[in-house]
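The values are calculated or read from the model by the stated rules, or taken from the named source; none is laboratory data. Quick caveat, the model's predicted, so the values are computed rather than measured. Cβ sites come from the backbone with ideal geometry, for glycine too, and all protein chains shown count toward neighbours. Accessible surface is based on the protein model in full, side chains and every heavy atom, while ligands, DNA and RNA are left aside. Shrake-Rupley method; radii C 1.70, N 1.55, O 1.52, S 1.80 Å.
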Amino acid sequence: MSGKPKLGILQQALGDEETGRLNAGTKILLALVGIAVVIAIVRYIVGLGATTNLNDAYPWGLWISFDVLCGVALAAGGFTLAATVYIFQLRKYHAVVRPAVLTALLGYILVVIGLLVDLGRYYKIWHPMVMWQHTSVMFEVGWCVMLYTTVLFLEFAPAFFERYGYKNIRALIRRYTSPFIIAIMTLFAAAMSHSVLWTAIVFAVLGFLYMLVARGALREDADTPLLLVMAGVILSTLHQSSLGSLFLILPHKLSALWHTPMLPIMFFVSAVSAGLAMVIFESTIGSKVFRRPLELDVLKGLGKALPYVLSVYLLLKIIDIVARGAVDVAFTMSAQSILFWIEIMVGIVLPIALLLSTDVSRSAAGLFWSALCVIVGLVLNRLNVGIIGIKVESWQTYFPSWMEFAISIGIVSAGLLIFTAAARYLPVYEEDDPEIARERRVELAAAKE
Amino acid sequence: MAAKGILIDNTRCIGCRGCQVSCKQWNKLPASKPEFFSGPGYQNPRDLNADTFTIITYKEVEIGGRFEFLFGRLMCMHCNEPACASACPVGALEKLKEGPVTYHASKCIGCRYCMMACPFQVPKFEWSKAFPLIRKCTMCSDRVLAGEIPACAKTCPTGAIAFGDRSQLLHEAEDRIRHNPSVYHHQIYGKDEVGGTGVLHLSRVSFEEVGYKTDLPARPLSSYTRAAMSAVPGVVVGLGVVLGGTYAIIQRRMELAGKAESSVEKEVESQ
């Protein structure tokens, strides 16, 4: 007879499995989330001026540059791994797909939450759905993020059904996901092109593929239909690059070190590298926190691909800076140029050098630290493009207020806590098959008595 | 009504700031607290803000041994192809065919992309409000559409602010330069900047010296994003074909490899 005390929901989700005690780290994260919630309420009551240091010279600050730009780029592991496993059929990486998709799903949901705090008229966030200004890059970003979050939700849903059943809903989703994808992608094409012809072509291409699958000419995983994964890759490619395109219209306001017609390509390539690095990073951390074996083989594979992606980015960057005649700006001492060089050296050159050495690329620690360099470089790049590289008059300055930091930190903390809870309740990791888990619990209970 | 414009002749301006006052009166804007700052200006406030749609800028320079004021005018330039209208995701900013670039508050989501995009840094934000709006000069579109002239043009005592069809104002500006070449700097600010603007300026000395932004491209800023945006449908189709094709090819290869294995097994068994 077990005298287990009745545990609150927090203890059940995040506390020790036996006693329900929350460890210190979890308590800190919960506190950070609590502070952020209070500050968000304050922000809604008194407005942005009283809670942030944003001003007319810097209308975009930490929340856009970090929460949105970095949040989206660091969630790129979702589409890169999904493409690797489900389109390129490299099944070796199957073990890390689901955690990557969950990271991405949480990342995007938190980006939306960050936006709801940053937008001045947040209660109108739905406007781009019905007010179409298709020449605006932000319109495209909004649509893509909205649709891709839906895709991620559908890609992660099987984990929920594996654990909790609901076979009839699962069957419904399996049946209608592909037609739903065709519908939303066609609508998206219509909104973006304002052309009947393009809309028809998109519908035809996706419809043709759907027909091939329905006829059995193409086989697909029942829970992860081809069209779902394809939509994920297409939407991700579009908005990862479009976040860069946002800054195309700012030749007057963004430093020559970062403003280039190639912004969309640069943002996309760096997002791919950040996605791979994030998978290495969160797998390593996850294995420590959840006390699971590390899939070193998988990470080594990612570590092999990473230097290639980074090298492509470096090459593009060099060609771009030289072709635009911005070399002298790069070598002129200024706060911007210093941070530019740190971004390049720490975020690209150092990881390439590290990963080319076999000692590093074969060890878990080496892969982790190289991945961390890439992530730091990516974060710095987005901060550079969004804040540091912004040109203003000499008397105009910006540094985030403590409340801005608190919201951003709270958002990241919430992501970590939700991921932890999800990993406990849902089969996020491959070995967490519900059958095996139940057997293990029975064994444990029997051993106690 | 043909596209209207405004011609600001800084050589006729006397810095009375009547335009600032009448603008506040017509738009019912509160006064801005005086801001003292070091630098070449005496204007108040220092820059446009949510309650100030236009400012006269001051710069004192030495010309021919005498100290003179150079006056400039900060206001929305009502561009022919506004970057703000192109950037706004919900079309809250719109260039009317009558000339003014207007703001539809009901559509605005407060994303502030227009503030980033404007090359003249014109749109300002109501940071102090819980339900903020973007604020900028409207070229008194309500007056203009009713056949009247903007408040600032009506008030100016020296005729420094002229209102009319943009094309006519352009001719007028060229005439003034041609007939008084020593009085004017030979440039019409706004003729070609970022694709041409509805508000044109004339000056006694170079615009850079007065404090105007002079490093702007001649093409409209929206042209910088056109290529990227028009590529979107193509990317959807292209990636759809490439990904679908790759998937089909890889699957076919795996099938063939599977068949080859099993046929080899059958051969081995049959022997």
Check your understanding: Looking at B:Ser203, B:Ser223, B:Ser230, which one is over 28 Å from A:Leu246 (Cα atoms) and among the hydroxyl-bearing types (Ser, Thr, Tyr)?
Key -> B:Ser203
Check your understanding: Out of the range B:143-163, which residues are open to solvent by 60 Å² or more (accessible area, probe 1.4 Å) and out of contact with any helix residue (DSSP H, G or I) (no Cβ under 9 Å at 6 or more places or on another chain)?
Key -> B:Leu145, B:Ala146, B:Gly147
Point to revise | Among residues of the range B:164-214, those that are surrounded by 14 or more Cβ atoms within 10 Å (Cβ to Cβ), of a type in the set (Val, Ile, Thr) and free of Cβ contacts under 8 Å to residues at least 24 places away in the same chain, counted | key: 1
Review point. From B:Ser86, B:Ser128, B:Ser106, which residue is over 16 Å from the mean Cα position of the chain (by Cα) and facing chain A (nearest Cβ under 8 Å)?
Key: B:Ser128
Check your understanding: Taking the range A:103-126 on its own, how many of its residues are facing chain B (nearest Cβ under 10 Å), over 15 Å from the mean Cα position of the chain (by Cα) and surrounded by fewer than 22 Cβ atoms within 10 Å (Cβ to Cβ)?
Key -> 7
Exercise for review: Residue by residue through the range A:282-303, note down the ones that are open to solvent by less than 50 Å² (accessible area, probe 1.4 Å) and within 22 Å of A:Gly25 (Cα to Cα).
Suggested key: A:Glu282, A:Ser283, A:Thr284, A:Gly286, A:Ser287, A:Arg292
Review point. Picking from A:Phe368, A:Phe268, A:Phe331, which residue would you name as being of a type in the set (Phe, Trp, Tyr) and touching a residue at least 60 places away in the same chain (Cβ under 8 Å)?
Key: A:Phe368
Review point. When the residues of the range A:85-102 are filtered to those that are assigned to a helix (DSSP H, G or I) and open to solvent by 30 Å² or more (accessible area, probe 1.4 Å), which remaining residue is nearest to the other protein chains (Cβ to nearest Cβ)?
Key: A:Tyr86
Practice item. With the condition kept exactly as written, say whether any residue in the range A:122-144 is assigned to a helix (DSSP H, G or I), more than 30 Å from A:Gly49 (Cβ to Cβ) and either in contact with a helix residue (DSSP H, G or I) (Cβ under 6 Å, 6 or more places away or on another chain) or not polar (S, T, N, Q) (or both). Key: yes
Point to revise | Matching residues, the range A:127-144, being open to solvent by 50 Å² or more (accessible area, probe 1.4 Å) and of a type in the set (S, T, N, Q) | key: A:Thr135
Review point. Is there a residue being under 28 Å from B:Gly147 (Cβ atoms), free of Cβ contacts under 8 Å to residues at least 12 places away in the same chain and either of a type outside the set (Lys, Arg) or open to solvent by less than 20 Å² (accessible area, probe 1.4 Å) (or both) anywhere in the range B:92-103?
Key: yes
Check your understanding: Looking at the range A:215-247, which of the residues that are within 22 Å of B:Leu256 (Cα to Cα) and within 9 Å of chain B (Cβ to nearest Cβ) is surrounded by the most Cβ atoms within 10 Å (Cβ to Cβ)?
Key -> A:Leu226
Revision key, fill the gap. Of the residues in the range A:155-178, those that are outside any helix (DSSP H, G or I) and open to solvent by 80 Å² or more (accessible area, probe 1.4 Å) number 1
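Conditions tested, residue by residue: (1) part of a helix (DSSP H, G or I); (2) under 25 Å from A:Ile418 (Cα atoms).
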site	(1), (2)
A:Ile234	yes, no
A:Gln240	yes, yes
A:Ala256	no, no
A:Pro264	yes, no
A:Ala274	yes, yes
A:Ser287	yes, yes
A:Pro293	no, yes
A:Asp297	yes, no
A:Val329	yes, no
Point to revise | Given (1) assigned to a loop (DSSP other than H, G, I, E, B); (2) touching a strand residue (DSSP E or B) at 6+ places or on another chain (Cβ under 6 Å), index of the condition B:Ala173 fails | key: (1)
Check your understanding: What single numbered condition from (1) in contact with a helix residue (DSSP H, G or I) (Cβ under 6 Å, 6 or more places away or on another chain); (2) assigned to a loop (DSSP other than H, G, I, E, B); (3) not β-branched (Val, Ile, Thr) fails to hold for B:Gly5?
Key -> (2)
Review point. Among the residues of the range B:227-249 satisfying the criterion of being closer than 13 Å to A:Pro264 by Cα and within 7 Å of chain A (Cβ to nearest Cβ), which is most open to solvent (accessible area, probe 1.4 Å)?
Key: B:Val235
Revision key, fill the gap. Among helices (runs of 4 or more DSSP H) completely within the range A:2-65, the ones holding 2 or more residues that are free of Cβ contacts under 8 Å to residues at least 12 places away in the same chain and either buried (at least 18 other Cβ atoms within 10 Å of the Cβ) or facing chain B (nearest Cβ under 10 Å) (or both) are A:24-46, A:48-51
